[in-house]
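Enquirer: Quick one: the structure is below, questions incoming.
Readers should treat all values here as calculations from the given coordinates under stated rules, not as data from a laboratory. If you're wondering where the values come from, they're calculated on a predicted model, not measured in any experiment. In this analysis, Cβ positions are derived from the backbone assuming ideal geometry, glycine residues included, and neighbour counts consider all displayed protein chains.
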C-alpha cells in the first residue's frame, strides 16, 4: 500500500461527499472498491445512480454480478473482483486486504464522536506501523484541504 488518506467529513454527509471522491478517483483512471455495511450497499447504489444528471459513475454490487466488469464495486466483503487499486472504507469498517491497494481512503464523519475517536485510533496505529498517512479536512464548500 502506498498511502492511507483520512477524509474528515464536516459539512456534508457521507452520501453527499462520497460520490465526488469516487468520481475523482475514477476520472484519474482508478478502479475502486467501496466497502460499506451490507445494509448500506443498496442505498449507496441508488446514490451513485442519481449523483449527477450530466454524468455516470459505472458501478455494481454483488446483486448485479460480473464484478470484474465494474470499475466501481460496492461491497461489504474484502473481495476485489474488479482488481481495484483504490479502496474506500466507510462507517469505520476495516479491511484485511487494505495493504493490497495503492490507496486506501478512510472516510469518517467528524460530527459523530465515536467515528472521530475510531479514526484517531486507526491513525495512531498506522503511524506506529510507519505507514504513509495523510489527513484531509472538508471545507465549507465540500472540497478538501490537506492538513497533515
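Enquirer: Answer rounded, prolate or oblate for the range 101-148, using the Cα gyration tensor with square roots of eigenvalues a ≥ b ≥ c: rounded when a/c is under 1.5, else prolate when a/b is larger than b/c, else oblate. Show your work: numbers first, answer last.
Expert: Details: a/c = 2.11, a/b = 1.29, b/c = 1.64.
Note, shape of the range 101-148 comes out oblate.
Enquirer: Still on this structure: Could the peptides 116-128, 71-83 be put in order, highest first, of the mean number of other beta-carbon atoms found within 10 Å of their residues?
Expert: Put in order of decreasing packing, that is 71-83, 116-128.
Enquirer: Helix 14-27: angle to the longest alpha-carbon principal axis of the chain, degrees 0 to 90, nearest 10?
Expert: Once rounded, the angle reads 70 degrees.
Enquirer: Which of the peptides 130-143, 96-109 is most tightly packed, and how do the rest follow, judged by the mean count of other Cβ atoms within 10 Å per residue?
Expert: Values: 130-143: 13.3, 96-109: 18.6.
Ranked from most to least packed, the peptides come out as 96-109, 130-143.
Enquirer: Compute the Cα gyration tensor for the range 26-133, then decide on rounded, prolate or oblate, letting a ≥ b ≥ c be the square roots of its eigenvalues: rounded whenever a/c is under 1.5, prolate when a/b is larger than b/c in the other cases, and oblate in all that remain.
Expert: prolate
Enquirer: For residue 125 paired with residue 111, estimate the spin-label separation in nm (one decimal), with each label point 7 Å from Cα along the Cα-to-Cβ line.
Expert: Placing both labels 7 Å beyond Cα along the Cβ direction yields 2.7 nm.
Enquirer: With everything on Cα atoms, drop me the angle between helix 113-128 and the longest principal axis of the chain, reported from 0 to 90° to the nearest 10.
Expert: For helix 113-128, the angle is close to 80 degrees.
Enquirer: If you don't mind, another one. Considering the alpha-carbon set of the range 69-127 alone, what are its Rg and its Dmax in angstrom?
Expert: 12.4, 38
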